[in-house]
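So the structure is just underneath, and the comments pick up after that.
The values are calculated or read from the model by the stated rules, or taken from the named source; none is laboratory data. Note that the structure is predicted; figures quoted are calculated from it, not measured. Positions of Cβ are backbone-derived with ideal geometry, glycine not excepted, and every protein chain shown enters the neighbour counts. To get the accessible areas, we keep the full protein, side chains included, count just its heavy atoms, and leave off ligands, DNA and RNA. Shrake-Rupley method; radii C 1.70, N 1.55, O 1.52, S 1.80 Å.
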Amino acid sequence: MILARPHFRWGWLLLLCMGLGMCLLPTGARAELPPTPTDAILYERPYTELATVAGKLGMRYQQSRDLKVGTLSSRWTSLKFTQNSRVMLLNNFRIYLGFAVAGSKGKLYLSSQDMRNIIRPLLTPQVFSHKPRLKKIVIDPGHGGRDPGCSNESLGMLEKELVLAWAMQLKETLQERGYQVLLTRHSDRYVENTNRFKYANDVNADLFLSLHFNSVPRSSVHGIETYVYTPLGQPSSSRSQIEEIDLKARPANHYDPWSTLAGFNIQRQLIQSIGGIDRGLKRARFSMLSGLNCPGVLIEGGFFSNRTEAKKIKSAWHRKKLAEAVAVGVDAYHNTLKKISGKDA
Ligand SMILES: [Zn+2]
């Protein structure tokens, strides 16, 4: 009942309209919304029964005996949903939904917004209009100058230095694959987060890749995670409640489907190449992504706070592997764009 407070009445209406596929944002480069079926209003939001989702996608639907797990499957693809969970598995890769899967009277339901913001971009991207091209890529090595990012003192590592080294390697790898590549910084220089997306917009980038490493107090935590900007009307992965900021459209929201498609391809390839813990494709309202006029992805390539992972990140060989994985993921995204636009994207 999180939208019950009076000043969220408009928010409720907005969410309902979005679920029904109406577009309340300015048009232009926005990926137009295909209609999304609504089978039920639960928690004051539109939901689609998983069996309906399966039917729309031409997939088989099975529910576990305890009715808590729903699986959609076709020859090449499986989607697994668990009641009350925000994590779905696409061919066993973790993706964070905006809202938890709901159960009602023995049936499982997916939020209609997640149907539109995650399922459609990944499984039927051809339904969106304004398919982007992909030629010019801006790489954004995080932090720099007076902002060191995270550190590992005992190993003598600073995030700002190692993301720059990773970015230089990625630039070379992407150029070898025929992309035009620019960087938001080439040296140990402080760059405001807003100037990072402004630069990408000024040079008319087709894709923005922000590179970071992670750190948390608990040293056992490790693995790779990839973020895209949170879609309008949904909470970021770090919280479950809608806040007012979630109802404000930002330029990055015009590219939600394409950021999701790019982010998933990159995260999947990183896990396939590097291995380790798949921390999933997540959403956050990161300021360096918010004002982008192109799809954007932020990659957290491992934890400085985990000694084993930090040692790997310190080695140039490992960073080369990280760069190659990102480049293969970018190529996979590009191949999908080419396939669905029927021309050289
Ligand atoms: Zn960082």
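Here are some notes:
- Using the Cβ-Cβ distance between Lys320 and Ala284 with R0 set to 35 Å, the FRET efficiency works out to roughly 0.80.
- Calculated FRET efficiency for the pair Asp202/Arg177, C-beta based, R₀ 35 Å, to 0.05: 0.90
- Cα-based helix-to-principal-axis angle, 316-341 vs the chain, degrees rounded to 10: 40 degrees
- Lysines with Cα under 17 Å of Lys135, excluding same-chain neighbours fewer than 8 positions away: Lys171, Lys338, Lys339, Lys343
- Most mobile listed residue (Arg250, Arg65, Arg196) in the chain, GNM with C-alpha springs under 10 Å: Arg65
- Estimated [θ] at 222 nm from DSSP helical runs (n ≥ 4, -39500 (n - 2.57)) normalised by residues in the chain, nearest 500: -9500 deg cm²/dmol
- DSSP loop GluC sites (Glu not before Pro) with at most 16 other Cβ within 10 Å: longest gap in the chain: 45-152
- The chain, dipole about Cα centre (Lys/Arg Cβ +1, Asp/Glu Cβ -1), debye to the nearest 20: 560 debye
- Length-normalised contact order of the chain in % [C-alpha pairs under 8 Å, at least 6 apart]: 18 percent
- Convex hull of alpha carbon positions in the stretch 128-223: directionally averaged projected area 8.2 nm².
- The length gained by stretching the chain between Ala249 and Ile277 to full extension, at 0.36 nm per residue less their Cα-Cα distance, is 6.8 nm.
- Relative contact order (%) - the stretch 136-341, alpha-carbon pairs under 8 angstrom, separation at least six: 28 percent
- In this structure, the amide hydrogen of Ser78, modeled 1.01 Å from its nitrogen in the peptide plane, lies closer than 5 angstrom to those of Asn91, counting only residues at least 5 positions away or on a different chain.
- In this structure Ile41 has an accessible area near 90 Å², from a 1.4 Å probe over the protein heavy atoms.
- Sequence-distant residues sharing a close amide H with Ser85 (under 5 Å, placed H): Val101
- Dipole of the stretch 136-341, positive end: most advanced residue of Leu281, Ser219, Thr308 [Cβ charges, Cα centre]: Thr308
- Label sites at Ser74 and Ser219, each approximated as a point 7 angstrom past Cα along Cα to Cβ, lie 4.7 nm apart.
- Taking label positions 7 Å along the Cα-Cβ direction at both Arg307 and Gln62, the computed distance is 4.4 nm, reported to one decimal.
- Taking the longest Cα principal axis of the chain as reference, the axis of helix 256-274 is set at about 60 degrees.
- Beta bridges by DSSP in the chain, antiparallel share as percent, to the nearest 5: 60 percent
- Across Arg177, Arg120, Arg86, mean-square fluctuation computed from a Gaussian network of the chain (C-alpha pairs under 10 Å connected) peaks at Arg177.
- The chain: translational diffusion in µm²/s, Stokes-Einstein, Kirkwood Rh over Cα pairs, 10 °C, 1.306 mPa s: 77 µm²/s
- Loop-resident trypsin sites (Lys or Arg not before Pro) (DSSP state other than H, G, I, E or B) in the stretch 200-293 with no more than 14 further Cβ atoms inside 10 Å of their Cβ: Arg218, Arg239, Lys248.
- The simple Förster model, with R0 at 35 Å and r as the Cβ-Cβ distance, assigns Met168 and Ser240 a FRET efficiency of 0.35.
- Within the listed set Leu79, Leu170, Leu281, the Gaussian network model of the chain (springs between alpha-carbon atoms below 10 Å) gives the highest mean-square fluctuation for Leu79.
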